[in-house]
Every structure is written in C-alpha cells, then in structure tokens.
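Novice: Let me begin by handing over the structure; questions about it come next.
The values are calculated or read from the model by the stated rules, or taken from the named source; none is laboratory data. As the structure is a prediction and not an experimental result, all values here were calculated from the model. So basically every Cβ, Gly included, is an ideal-geometry build from the backbone, and we count neighbours across all protein chains shown.
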Amino acid sequence: MKAFVTGARRGIGKAIALALAGAGYDVAVNDVADSAELRATTADISALGVKAVAVFGDISDIAAHAAMLERAETALGSLTTLVNNAGVSVQSRGDLLDVTPESYDRCLSVNTRGTFFLTQAFAKRLKPSKDHRSIVTISSANASGVSITRGEYCVSKAGVSMMSKLFAARLGNDGIGVYEIQPGFIETDMTAPSKARYDKLIDEGLTVIRRFGTPEEVGRIALTLAQGLLPYTTGQIIQADAGLMMVRY
C-alpha cells in the first residue's frame, strides 16, 4: 500500500499521512515547497516503520504533476492511494460583491483545477494491485454550505465535489474507490483565527456534537476509505462536520 498525500506538511494532511503510515502504508508527503515542517512530518512517518518521502511541488502547476508522482513511485513503488488534501482559502474575507478575479482564480487554480488534473494523472498511472486502490478528496462543508464572506472558496469546493463524483463514475468499474470527505469545524492553524467566534456558535447549538473536530479524526475517516472498509460503495460523501449540515427543525 503506497499513498500520495497532498498538503501534508501539517494539519489534516499530516494527520491523514500519519494514520495511513500507522496502518502500514508507505507515504509520499507533498507540500508546495520544501520546509522544516515537511521534513519533520516525513521523519515522523519513517519513525512508524514505513517508507516516507517528501515530494514538494505546487499542485496548481499541472506540468509538474508527472514528475511529482514519478518521484513518489521511485521512492516507494507503484502508488495505490491518492489523498487530495492541498487547498487554499480566500485572500481575504469580505463582501461577495468585492471578490477579486485574483482571489477567485487562486482558489479555482489550486482547489479545483490542480486537484482535477492531479487526480487524472494519478488515475492514468494506477496499476493493478492486490491492495485496494482509492482516491480520497478532502473538500469542505462549504461545497454545499453557503459562506458569503468567502464565495470563491465555496465555488472551488463545489467544483471539486463534482470532480470526485465524476472520477467515481469513471473508475468504479475498475475497482477503484473514490470518496469525498467534507470537514466542518476542524481545529487547525487555518481555523485558529475564527475559532473563538465559532466556539460560541457551537456552544449555542450550531453543530450537534458541540466541539471542534480534530485532524486525527479526519485521518481515521480517510484511512477507512483508503482501505476500502466501506464495501459496495463509491462516490460517497462523508460529512465530518458534527451534524453541521444536517437538516434540523
């Protein structure tokens, strides 16, 4: 079992990489650039007794995808699993009427376009394997939940949600499981600036489970999907959101 995890330097991506490694996966950890954090994550994976390699590169650079995957496979062997976790948020929150083309294009370039074409490149390289082959994409509750202060992010995540369904339909007959995880409020560096505000709303009942989730919990979900432990399923959306998007009245 060999996995390629994008955006794995820290947060949810790192937790997923560690969960996979703990289950015996060799893991290629990707981030946009080399860094001490990325090397530390790679070392943490190696400490679990599996192979690990750092593969830095910007997923929005489509021309670099083949080389990134090749580096991973040279170090680990043929990949069986892709976890699409890398993503960016808006350049600044604000009025929907003030969204700039630059911020819009940045979200779409990384979150949707880059993820789509990396998934395509990965699927073309997949070889038959006795191990379960899978593609797991981390999107967001904002794939369907409206947040008008970061509209371009919502649009990009709605697009990548459709991407996951499309690849599920295309690859399902080949025995490749394709899934999407839509996290809600997960305690990461990205959510830290708004945590106090949402802690209050959560305490007031915004979510059914009244707390933030952890990256490790998303990691366990991703591992379950990667291993094919939900038989006779593909294309499913797992809402890791404490009931945030559940209709209640």
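Novice: Can residue 23 be described as more than 25 Å from residue 163 (Cα to Cα) and in contact (Cβ under 8 Å) with a residue 40 or more places away in the chain? Show your work before the answer.
Specialist: Numbers: more than 25 Å from residue 163 (Cα to Cα): yes; in contact (Cβ under 8 Å) with a residue 40 or more places away in the chain: yes.
Spelling it out, residue 23 is indeed more than 25 Å from residue 163 (Cα to Cα) and in contact (Cβ under 8 Å) with a residue 40 or more places away in the chain.
Novice: Given the criterion without any contact (Cβ under 8 Å) to a residue 40 or more places away in the chain and not in a helix (DSSP H, G or I), identify the matching residue among 224, 207.
Specialist: Exactly one residue qualifies, and that residue is 207.
Novice: I'd like the residue in the range 54-76 that is assigned to a helix (DSSP H, G or I) and in contact with a helix residue (DSSP H, G or I) (Cβ under 7 Å, 6 or more places away or on another chain) and, out of all such residues, is surrounded by the fewest Cβ atoms within 10 Å (Cβ to Cβ).
Specialist: Step by step, filter the range 54-76, then rank; the result is 66.
Novice: Right, next: Please find, among 21, 28, the residue that is assigned to a strand (DSSP E or B) and over 26 Å from residue 153 (Cα atoms). Walk me through it before giving the result.
Specialist: Working: 21 fails: assigned to a strand (DSSP E or B).
On inspection, the qualifying residue turns out to be 28.
Novice: Taking residue 189 and the conditions (1) free of Cβ contacts under 8 Å to residues at least 60 places away in the same chain; (2) loosely packed, with under 14 Cβ neighbours inside 10 Å, which numbered condition does it fall short on, given that it satisfies the others?
Specialist: The failed condition is (1).
Novice: Follow-up. Within the range 87-133, count every residue that is within 22 Å of the chain's Cα centre (by Cα) and either at pLDDT 95 or above or not in a loop (DSSP other than H, G, I, E, B) (or both).
Specialist: Number satisfying all stated conditions: 24.
Novice: Also, quick follow-up: Which one is farthest from residue 237 (Cα to Cα), of the residues in the range 158-190 that are of a type in the set (Phe, Trp, Tyr) and modelled with pLDDT of 95 or more?
Specialist: Among them, the one singled out is 167.
Novice: Something else now. Check residue 145 against each of (1) buried (at least 17 other Cβ atoms within 10 Å of the Cβ); (2) among the small types (Gly, Ala, Ser); (3) in a loop (DSSP other than H, G, I, E, B) and name the one condition it does not meet.
Specialist: All conditions pass for residue 145, except number (1).
Novice: May I pose another question? Which one of 156, 164 is among the small types (Gly, Ala, Ser), over 24 Å from residue 99 (Cα atoms) and assigned to a helix (DSSP H, G or I)?
Specialist: On the way: 156 fails: over 24 Å from residue 99 (Cα atoms).
Result: 164 is the single residue among 156, 164 that is among the small types (Gly, Ala, Ser), over 24 Å from residue 99 (Cα atoms) and assigned to a helix (DSSP H, G or I).
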